[in-house]
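No value in this document is a laboratory result; all are computed from the given coordinates. Values in this document were obtained by computation on a predicted structure and should not be read as measured data. Reconstructed Cβ throughout: ideal geometry from the backbone, glycine too, with neighbour counts over all protein chains shown.
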Amino acid sequence: MELKSKLPTVGTTIFTRMSQLAQQHGALNLSQGFPDFPVEPRLLAELQQQVMAGRNQYAPMPGVLELRQQISGLIQRTYGVQVCAEAEITITSGATEALFVAIQAVVRSGDEVIVFDPAYDSYQPAVELAGGKTVHIQLCAPDYRVDWAAVERRISDRTRLIIVNSPHNPTGMVFTELDWQALADLVQRHGLFCISDEVYEHMVFDGRVAQSARQYAALAERSFIVSSFGKTFHVTGWKLGYCTAPKLLSVEFRKIHQYVTFSSFTPAQYAIAELLDTAPELVTGLAAFYQHKRDNFRQLLSSSALQLLPCEGTYFQLVDYSAVSNLPDLEFCDWLTTEVGVAAIPLSVFSRQEQDSRIIRFCFAKQPDTLAQAASRLQTLRQSGQ
């Protein structure tokens, strides 16, 4: 039997590969972005209560209304913006589903989609499945800022969509007000759609005020904004996210969503709605929670041979290992996992252009002991070459 693949260049993801390698060699896994600490007990208790109450059947296709109402309130408190719970919020099976559905809703055969490298690896395959083509704009170390004039030069008469991600995985860069204004201007003047991937929106550090595409009217009216409860409540395995978009875009989004998953994990929707109502500090305190982990991890590595890059948000820390080794980043990550006992992700896998930056990504969404052990092992690296 012959089968021509729709995604011929796609294989096992680097996240799966590095996690498996870490498990095989007993390495500390700072590669894949998931927490290793316990989930909030109140959330687990609420989930159990909802399960025992019998809320185990299909949720409404757009999501449980109580949860959408709580999301609307959260957005109002965080950004000062009104979003209609009934018409403009859709619950999804994780942020990746929301990204996929939003791309399918607007991208047509031959369309071009601008993405910024390093970029989350699900963007390009979803664009290609919709018949589109990704146009990659490389961001550069150490701060990975966007040159908006250069972006405009890459816009063509085929450009239909621009995908942005702030706070940014994997670099930790966070858009400034000027970035959002420049993006809004480009989208409006060129008649583009936007997907704003904001799954780390509540992890912004050093006193910065969280900002969103929702706060810029010209941008919001043409945007799908994607968020993640998995990130916010440390439950990545629940695969629960949501998309906010104006009514016109939400109608198209839901047409596709209903044939992808129809509805998502029902008891968890009720449980999270309850926690958003009764324990809002779990969201408002998230930035301080992760900033403490970031600061601790950076302090532990401050005297190592690794150069720490800026981290303004997310739970990822980039390091430059060029003083330690001349190996390409993928080979270095393999060596680091098997010989040093710490797993990381090579930055080059997030870019389509050939990279020789010798930069890797660590996830610090880990328990203090995990981070301390990892840092102790990384302290053994010397500026002697590998």
For this session: Work out from phi, with θ = phi - 60° and the Karplus expression 6.51 cos²θ - 1.76 cosθ + 1.60, the ³J(HN,Hα) of each residue of the range 64-73, listed in order in whole Hz, and give x for Gly and Pro.
Result: 4, 4, 4, 5, 5, 5, 5, 4, 4, x
For this session: Return, ordered by residue number, the residues of the range 129-171 whose backbone nitrogen is under 15 Å from a label point located 7 Å along Cα→Cβ of Q181.
Result: 148-149
For this session: Name the aspartates and glutamates eligible as straight-distance cross-link partners of K366: C-alpha to C-alpha under 16 Å, and not fewer than 8 places from it in the same chain.
Result: D36, E40, D295
For this session: Express in % the proportion of alpha carbon pairs of the range 1-142 at distances exceeding 26 Å.
Result: 53
Seminar exercise, completed: Among the range 128-159, those whose backbone N falls under 11 Å of a label point 7 Å along Cα→Cβ from Q353 are 136-141
Exercise. Per residue of the chain, what 222 nm ellipticity follows from adding -39500 (n - 2.57) for every DSSP H run with n ≥ 4, rounded to the nearest 500?
Worked result: -11000 deg cm²/dmol
Problem set entry | Extended-chain gain in nm, criterion 0.36 nm per residue less alpha-carbon gap, F262 and S122 | 48.4 nm
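For a protection proxy built on the mean count of beta-carbon atoms within 10 angstrom, sort 287-295, 333-341 highest first, please. Each step should come with its number before you reach the end.
Details: 287-295: 16.9, 333-341: 19.4.
Highest mean packing first, the order is 333-341, 287-295.
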Seminar exercise, completed: For K293, counting only aspartates and glutamates whose alpha-carbon sits under 12 Å away and dropping same-chain residues fewer than eight positions off, the answer is D369
For this session: Arrange the following residues from fewest to most other Cβ atoms within 10 Å of their Cβ: S303, S223.
Result: S303, S223
For this session: Set the Förster distance to 56 Å, then compute FRET efficiency between A372 and K133 from the Cβ-Cβ distance, nearest 0.05.
Result: 0.80
Exercise. Local charge sum around E88 (other residues, Cβ-Cβ under 14 Å, Lys/Arg +1, Asp/Glu -1)?
Worked result: +2
For this session: Could you run the Debye sum over the Cα atoms of the range 259-386, one equal point scatterer each and no solvent, and tell me log10 of I(q)/I(0) at q = 0.10, 0.12, 0.13, 0.21 Å⁻¹, two decimals?
Result: -0.44, -0.59, -0.66, -1.16
Exercise. Plugging the Kirkwood radius over Cα pairs into Stokes-Einstein for the range 200-290, at a temperature of 20 °C and a viscosity of 1.002 mPa s, what D comes out in µm²/s?
Worked result: 144
For this session: On a C-alpha basis, how far is the centre of the range 8-24 from the centre of the range 336-384 in Å? Whole number, if you could?
Result: 15
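Grab the beta carbon distance between E281 and K247, set R0 = 30 Å, and tell me the FRET efficiency rounded to 0.05. Walk me through the intermediate numbers first.
On the way: r = 32 Å, r/R0 = 1.06.
It comes to 0.40.
What FRET efficiency comes out for the pair K6/A218, r = Cβ-Cβ distance, R0 = 45 Å, nearest 0.05?
0.80
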Problem set entry | Between the range 151-181 and the range 58-85, the alpha-carbon center distance in angstrom | 25
Problem set entry | J(HN,Hα) series, the range 295-311, from Karplus relation 6.51 cos²θ - 1.76 cosθ + 1.60, nearest Hz, glycine and proline x | 4, 5, 5, 5, 5, 5, 9, 4, 9, 7, 7, 8, 8, 7, 8, x, 9
Exercise. K247: which lysines have alpha carbons under 30 Å from its alpha carbon, excluding same-chain residues fewer than 8 sequence positions away?
Worked result: K133, K231, K239, K255
Problem set entry | Proxy reagent accessibility, fewest Cβ within 10 Å first, across R214, R68, R254, R145 | R145, R254, R214, R68
For this session: Using only the alpha carbons of the range 322-386, determine the length spanned along each of the three principal axes and report them from longest to shortest in whole angstroms.
Result: 37, 28, 18
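Magnitude of the Cβ-charge dipole of the chain, K/R +1 and D/E -1, about the Cα centre, nearest 20 debye? Walk me through the numbers on the way to the answer.
Details: 32 positive and 39 negative charges, 80 e Å.
So the magnitude is around 380 debye.
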For this session: For the chain, build the charge dipole from Cβ charges (+1 Lys, Arg; -1 Asp, Glu) around the Cα centre, then report which of A287, Q24, S93 sits farthest towards its positive end.
Result: S93
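Based on the alpha-carbon gyration tensor of the range 131-280, what equivalent-ellipsoid semi-axes (square roots of 5 times the eigenvalues) come out, in whole Å, largest first? Display every interim value, and only then the final one.
On the way: eigenvalues 152, 84, 40 Å².
Semi-axes (√(5λ), whole Å): 28, 20, 14.
Arrange the following residues from fewest to most other Cβ atoms within 10 Å of their Cβ: H168, H190. Please report the intermediate quantities before stating the final value.
Details: H168 24, H190 14.
Fewest-to-most ranking of H168, H190: H190, H168.
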Exercise. Counting pairs of alpha carbon atoms under 8 Å apart in space and at least six apart in sequence, what relative contact order in percent does the range 112-162 give?
Worked result: 49
For this session: Calculate the translational D of the chain in whole µm² s⁻¹ from Stokes-Einstein, where the hydrodynamic radius comes from the Kirkwood formula applied to all Cα pairs, the temperature is 10 °C and the viscosity 1.306 mPa s.
Result: 73
